[in-house]
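Peer 1: Just passing along the structure, written as structure tokens.
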Amino acid sequence: MSCSKGRVSPSTTTKLRLFADSGGFCQNPSCLQPLFKDLEDDTIHIAEMAHIISAADDGPRADFGKIDDEKAAYSNLILLCPSCHTEIDKAEKHFPETLLQSWKSEHKERIQKTFGIIKCPDRSSARRIAQRFLRENKVVFDEYGPMGDDRFNPESSLPKLWSMKVLEAIIPNNRKLISLCDVNEYLLTEEELIVLEYFRQHVADLEARHVSRLDVCGKMFPAEMSDIFLDKTS
Ligand SMILES: [Zn+2]
Ligand SMILES: [Zn+2]
């Protein structure tokens, strides 16, 4: 699924983020082909990570000013079906960088809208949406989280259940919450923007542990995140 035109390979988190953005569909707005296919006895994906600026210096939309890390970064990749990937690389003049970036951002917006992630007119409406995600995560954490009495009980099935709940509820809610904050960044205070960055790190660590199964001891959930978009009246 990587691009044949270069060897700059993105991190696992970048790959996960691209798949999440795509919602499972090619990001070319005039294609939107499903990227997962159910075969008789298997499910395959045909997604290809295409470079917006080529990984090689003589490839499509090449830019000598970019270093390898930038070329492998999330911002330089778009998830496409194989034929769209071939098309944008072969007919590069018809598919400039700005066009590909707009495909990507519009696709993301479309997916976000289906989850109720919208640009809100004020803080209180953003707060109401944020609370839906925060509330569910709090209940799941309180009921199944690693702080409960059963934490050290080897007989307990809670750790397994907790892992399942993290994948099913906590991670999707975290993603939605981050999207909501990013879309409504203009409503956040300077302090809240900092809290958001801590939350982003916490989310990345949690995903590394539960999705990529890396043994990382990650950042804790920043408690102030529970009050995001909340206006405290004294
Ligand atoms: Zn390519
Ligand atoms: Zn396509």
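Peer 1: Compare Lys138, Lys104 by solvent-accessible area with a 1.4 Å probe and give them largest first, with all protein chains kept in place.
Peer 2: Largest accessible area first, the residues go Lys138, Lys104.
Peer 1: Using the heavy atoms of the protein chains and a 1.4 angstrom probe, tell me the accessible area per residue for the stretch 56-199 in square angstrom.
Peer 2: Heavy-atom SASA per residue in the stretch 56-199 reads 59 Å².
Peer 1: Moving on to the next point. Quick one: plug the Kirkwood hydrodynamic radius of the stretch 71-161 (C-alpha pairs) into Stokes-Einstein at 37 °C, 0.692 mPa s, and report D in µm²/s.
Peer 2: Translational diffusion coefficient: 186 µm²/s.
Peer 1: Quote the accessible area belonging to Met49 in square angstrom, nearest 10, computed with a 1.4 Å probe and with ligands, DNA and RNA left uncounted.
Peer 2: So the heavy atoms of Met49 present about 10 Å² to solvent.
Peer 1: Please report the orientation-averaged projected area of the stretch 12-114, defined via the convex hull of its C-alpha atoms, in nm².
Peer 2: Quarter of the Cα hull surface area: 7.2 nm².
Peer 1: Of all accessible surface on the chain at a 1.4 Å probe, what whole percent is carbon and sulfur?
Peer 2: With neighbouring chains kept in place, the figure for the chain is 54 percent.
Peer 1: Picking from Thr13, Ala56, Cys31, whose Cα lies most toward the positive end of the charge dipole for the chain (charges on Cβ: Lys, Arg +1; Asp, Glu -1)?
Peer 2: Projecting each Cα onto the dipole axis, the largest value belongs to Cys31.
Peer 1: Moving on. Roughly how many Å is it from the Cα centre of the stretch 51-73 to that of the stretch 89-144, as a whole number?
Peer 2: 26
Peer 1: Hey, what number do you get for the chain at 222 nm if only DSSP H runs of n ≥ 4 count, each worth -39500 (n - 2.57), divided across all residues, to the nearest 500?
Peer 2: Helix contribution divided over all residues of the chain: -14500 deg cm²/dmol.
Peer 1: Beyond 30 Å between alpha-carbons counts as too far, so tell me which of Lys15/Lys90; Lys37/Lys119; Lys104/Lys138 fall in that bin.
Peer 2: Lys37/Lys119; Lys104/Lys138, as the Cα separations exceed 30 Å there.
Peer 1: Suppose a student asked you for the relative contact order of the stretch 123-227, using Cα pairs under 8 Å spaced at least 6 residues apart; what percent would you report?
Peer 2: Result for the stretch 123-227 is 25 percent.
Peer 1: Additional query: Short version: ³J(HN,Hα) in whole Hz for each residue of the stretch 200-205, in order, from phi by Karplus 6.51 cos²θ - 1.76 cosθ + 1.60 (θ = phi - 60°), x for Gly and Pro, what are they?
Peer 2: For the stretch 200-205, the Karplus-derived couplings read 4, 5, 4, 5, 4, 5 Hz, x marking Gly and Pro.
Peer 1: Which ³J(HN,Hα) values, rounded to whole Hz and listed in residue order, are derived for the stretch 69-81 from phi using the Karplus coefficients 6.51, -1.76 and 1.60 in 6.51 cos²θ - 1.76 cosθ + 1.60 with θ = phi - 60°, glycine and proline given as x?
Peer 2: Running phi through 6.51 cos²θ - 1.76 cosθ + 1.60 with θ = phi - 60° gives 4, 5, 5, 8, 6, 3, 5, 9, 10, 9, 9, 9, 6 Hz.
Peer 1: Got a sec? What order do Arg209, Arg128 fall in by accessible area at 1.4 Å, biggest, i.e. largest, first?
Peer 2: Largest to smallest exposure gives the sequence Arg128, Arg209.
Peer 1: Another question, if that's okay. Hey, if we sort Lys160, Lys37 by accessible area with the 1.4 Å probe, largest down, what's the order?
Peer 2: Reading off the accessible areas and sorting them downward yields Lys160, Lys37.
Peer 1: Let me ask you something else. Just to check I understand the Karplus step: with θ = phi - 60° and J = 6.51 cos²θ - 1.76 cosθ + 1.60, what whole-Hz values come out for the stretch 127-139, glycine and proline as x?
Peer 2: 4, 4, 5, 4, 4, 4, 6, 5, 4, 4, 5, 5, 4
Peer 1: Based on Cα coordinates alone, diagonalise the gyration tensor for the chain, multiply each eigenvalue by 5, take square roots, and list the semi-axes in whole Å, largest first.
Peer 2: For the chain, the semi-axes come out at 34, 23, 17 Å.
Peer 1: Right, here's the next one. Taking amide H positions as placed in the peptide plane 1.01 Å from N, state which residues far from Asp63 in sequence (5 or more) or on other chains have amide H under 5 Å from it.
Peer 2: Amide H neighbours of Asp63, under 5 Å, 5+ apart: Ser54.
The values are calculated or read from the model by the stated rules, or taken from the named source; none is laboratory data. On a predicted model such as this, the values are computed, not experimentally measured, just so you know. In this analysis, Cβ positions are derived from the backbone assuming ideal geometry, glycine residues included, and neighbour counts consider all displayed protein chains. Only protein heavy atoms, including side chains, enter the accessible area calculation; ligands, DNA and RNA are left aside. Shrake-Rupley method; radii C 1.70, N 1.55, O 1.52, S 1.80 Å.
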